[in-house]
Each structure stands twice: as C-alpha cells, then as structure tokens.
Amino acid sequence: MAMALNPMEQFEVKPLIEQPLFAIAGHPIYFTNQALLMLIVTVAASLFLTLAMSRRALVPSRTQSMAEMSYEFVAGMLNSAAGEDGLKFLPLVFTLFIFVLFSNFFGMIPGSFTVTSQIAVTFALAALVIGIVIVVGFAKHGIGFLMLFVPKAPWYLIPLLTLIEFISFCTRPISLSVRLFANMLAGHTMLAVFGGFVVMLGAAGGILSVLSIAPMFLIVAIMLLEFLVAFLQAYVFAILTCIYLNEALHLHDHH
C-alpha cells in the first residue's frame, strides 16, 4: 500500500549501518542499499563469467555459451563501430556492458534496488567514458584532437559549427547518463503504480477484486517489456561508448 501511495520510495538511498564508514571533508560516507547492490552486481557478474569459462569445454554448456555470446556480441559491436584499433578497449566496453546489464536485471527482482535508476551512478559511468575518450584522443593525436570540434564545412560556418560541436561534446555525459537513468526510473515507477492498483483493488473486495486482474496482466506485460528495455539500455550505453571511442581514434572519419 505504501508503494502505491509513494512509488518513488523504491529509489531512496538508505544507509544500512547507522555509523558512517568514514568521512570526506567532514561529509559522512555510509554503506547504503545502493552500495550493497553494486557490490552484489559486481560479485554476481564476476562469478558468472569466471564459473562459466572455468571448464572451457569444447562443447560449451549453457552458461559458457551465454558468456561467450556476450563477449562476442560486445567484440563485434566494438569492431564494427571503432574498427580493429578499438578492440584494445574491449575490456572496458565489455565491463560497462555487463555491469549495466546485471544492474538492470537485478533491479527487476522484487524488493531489490535499481542501481541504474540513480543519476549519480549513471553520470559517474558516463563521466568515466568521456574522460577516457578525452585521454585517448589527446594521447593519439595530441593537440590535433581539438580538430574533432572543427567539422568539414564552408569557412563562414566553421565558427558556429565549432561552437555547436563543442557544446554537443560537453553535454554527452549528461545525455548518456540521463538516457539510462530516465528509462529505468520510468519503468520501475510504472510497475510500482500498477502493482499498487492490484493491491488496492484486491483489498477492496467484491467486484473490485475481479477488476484487479486487468492491471495484473498489464504488470506482466510491462515486466516483459522492462526486461527488453534493460538489455537495450545496456546495449545503447555500450554502443555509444564505442562510437565515442571511434571519434577519439579516427577524428572526422565519422562525418
């Protein structure tokens, strides 16, 4: 009932231990439900990949096939977006893809916490990606990396387009993080609202109890859609990372 009245309650970050672990500049740092789920996601993903590839059988098991398909999927995506030069960043892109994917899927468990519904987490991941892109760009091209902001256009349009390109680049961490955060937030909020309808109609009794079947079927449909969205958002985050790395490696080859 409380979830129906306040569907945003599921996104609250709450300390699990009363005493702070430490303090940074006088600000106490607590071990929260968000930190716990990130730890669970990291351990679960690591165990899955380690155990799946431990035997390395010639005839792979289901878990080994899933792990190999995930690796090949990300490798193919990175190769098609950034070329062979981009394959050196496969560990980074694969780690991001698996972390976002597992975080999204773990958030679907009732009573769990959706790590990727927190803008602080998604922005940190996006800032990491853009930071690496900048480092890679300057490491390979030096000051010539700034030519990324100078598109091929008539000379009288270059000042305006350069400004637009620079602003667009600076907003990438925001767009990359908000896209993931907003999709997960909206989907889980919708599930909570319709779940509240089922509880309230079922508790009302009489004909209203029968009417609770309709939103229950809708919840099942939304849940299936959320699983698809969970995968798609991990894919979008990974493919945009590949595209940004391609720009840093090849500059205007993408124009």
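Rule-based calculations on the coordinates, nothing more; no lab input. Keep in mind that what you see is a predicted model, and the values were worked out from it rather than measured. We place every Cβ from the backbone using ideal geometry, glycine too, and count neighbours over all the protein chains shown.
Using all pairs of distinct alpha-carbon atoms, the Kirkwood hydrodynamic radius of segment 103-164 works out to 14.9 angstrom. Counting Lys and Arg as +1 and Asp and Glu as -1 over every other residue whose Cβ lies under 15 Å from the Cβ of I98, the net charge comes to -2. Roughly what angle does helix 172-204 make with the longest principal axis of the chain, taking Cα atoms, 0 to 90 degrees, to the nearest 10? Approximately 10 degrees, to the nearest ten.
Alpha carbon centre of segment 144-164 versus segment 63-87: separation in Å? So the two Cα centres are separated by 33 Å. The protection proxy used here, the mean number of other Cβ atoms lying within 10 Å of each residue, ranks peptides 85-93, 101-109 as follows, highest first: 101-109, 85-93. Once backbone amide H atoms are built at 1.01 Å from N, T32 has L16 as its partners under 5 Å, excluding neighbours fewer than 5 places away on the same chain.
If one takes the longest principal axis of the Cα atoms in the chain, at what angle in degrees, from 0 to 90 and to the nearest 10, does the Cα axis of helix 158-170 lie? Between helix and principal axis, roughly 40 degrees. Relative protection proxy for 124-133, 38-47, 148-157, from highest mean packing down: 124-133, 38-47, 148-157 (other beta-carbon atoms within 10 angstrom). Relative to its residue count, the chain spans a Cα convex hull of 197 Å³ per residue.
Backbone phi angles across segment 21-31, fed through the Karplus curve with coefficients 6.51, -1.76 and 1.60 (θ = phi - 60°), yield HN-Hα couplings of 5, 6, 10, 10, 6, x, 9, x, 10, 9, 8 Hz in residue order; Gly and Pro are listed as x. Counting only alpha carbon atoms, the long axis of helix 33-52 and the longest principal axis of the chain meet at about 70°.
Summed over qualifying helices (DSSP H, 4 residues or more, each -39500 (n - 2.57)) and divided by its residue number, the chain shows a 222 nm mean residue ellipticity of -23500 deg cm²/dmol.
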